[in-house]
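Inspection log for the structure reproduced underneath, given as structure tokens.
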Amino acid sequence: MFGAFRFTNPLSGGLLWKTPWRLSRFQKTRQRRRLRAVDSVVATIDAALAKQGQTLTALDTWKEKMPTEAEMLPKDKYTIFDRKEKRYRKGIHKLPKWTRVSQRLNPLDTKRRSVGVAGRYSTLRIVQSLRGEADVNESAWGPMGGLPRRLGDFVQYCNSSFRLL
Amino acid sequence: MSASYFRVTLHRSAIGLPERTRGVLAALGLRKRSQTVFHPVEPQFAGMIMKVKELVRVSEVDRALSPKELREERRPERGFWLEKAVPR
């Protein structure tokens, strides 16, 4: 029971991985910093090319599809969709090379689909509607009482409602 | 219109990343971390930087610095300061 030869998990089974299921506060901070660093690189390239009057397909696609760090939900910043996981989410640190790849968008999972607002639209569509790029049916925003005016309202709403689930 | 350059510094290593990514870094002329290269602002180079945007730090500058000037940038100031005790 006690002493040098006690029966512990690593001794009995050999290998024991202890990867925490979620990110720590400091890992999250660094993750946000990395996201912003990528955003700033994209912004620099965009500004430089715009000055020359040039365009780049990859850049346009990125700007259209990818939310910036401020536009992302915390859920998408720190977790990733996984169909095998309970509640379909796992920590983003389970993704190989996660500090050096861009993984910002996720499919809608079933829990989220059951929520009125985010259910009908992906985060991308909602972000687009807030930017004024996409047309979203106003009546679909029942629980919030109309379209959110600011991105912050939406993020706050999502956070509170997702936590309840 | 004055010519401008991308100042690209490799911040994160590409160890363990796909061959394509490392190929892009090689094409940009980045071999080791904190190495800096200059490329003109053109869609071709912008596309290459977009491929490795997670690994580099980029700024737009007016002219390309020579290796000698880059080295001068890193040189600490000569001489020394005399630090006095803060009066209490």
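Values quoted throughout were computed directly from the atomic coordinates according to the rules given, and no laboratory measurement underlies them. Computed from a prediction, not measured in an experiment: that's the story for all the values here. Note that each Cβ is placed from the backbone with ideal geometry, even for glycine, and that neighbours are counted across all protein chains shown.
Side notes on the structure shown:
- The stretch A:25-87: trypsin sites (Lys or Arg not before Pro) in DSSP loop, at most 14 other beta carbons within 10 Å: A:ARG83, A:LYS84
- Sparse-neighbour loop sites [GluC sites (Glu not before Pro); the stretch B:35-85; at most 12 other C-beta within 10 Å; DSSP]: B:GLU77, B:GLU83
- Relative contact order [Cα under 8 Å, 6+ residues apart], the stretch B:1-62, whole percent: 56 percent
- Sum of side-chain charges, A:GLN54 neighbourhood, beta-carbon under 11 Å (Lys, Arg +1; Asp, Glu -1): -1
- Axis of helix B:19-28 versus longest Cα principal axis of chain B: the two differ by about 60°, to the nearest ten degrees.
- Placed amide H near B:GLU60: partners under 5 Å, 5+ positions off or other chain: B:ARG7
- Among the trypsin sites (Lys or Arg not before Pro) found in the stretch B:1-82, those both in a DSSP coil and sparsely packed, with 14 or fewer other Cβ atoms within 10 Å of their Cβ, are B:ARG31, B:LYS32, B:ARG33, B:ARG63, B:ARG78.
- Per-residue HN-Hα couplings for the stretch B:73-88 [Karplus 6.51, -1.76, 1.60; θ = phi - 60°; Hz; x = Gly/Pro]: 4, 7, 5, x, 4, 6, x, 8, 10, 8, 9, 9, 5, 6, x, 9
- Label-point separation, B:LYS84 to A:GLN103 (7 Å along Cα→Cβ), nm: 5.7 nm
- Note on A:THR55/B:GLU19: beta-carbon distance plugged into 1/(1 + (r/R0)^6) with R0 of 25 Å gives a FRET efficiency of 0.30.
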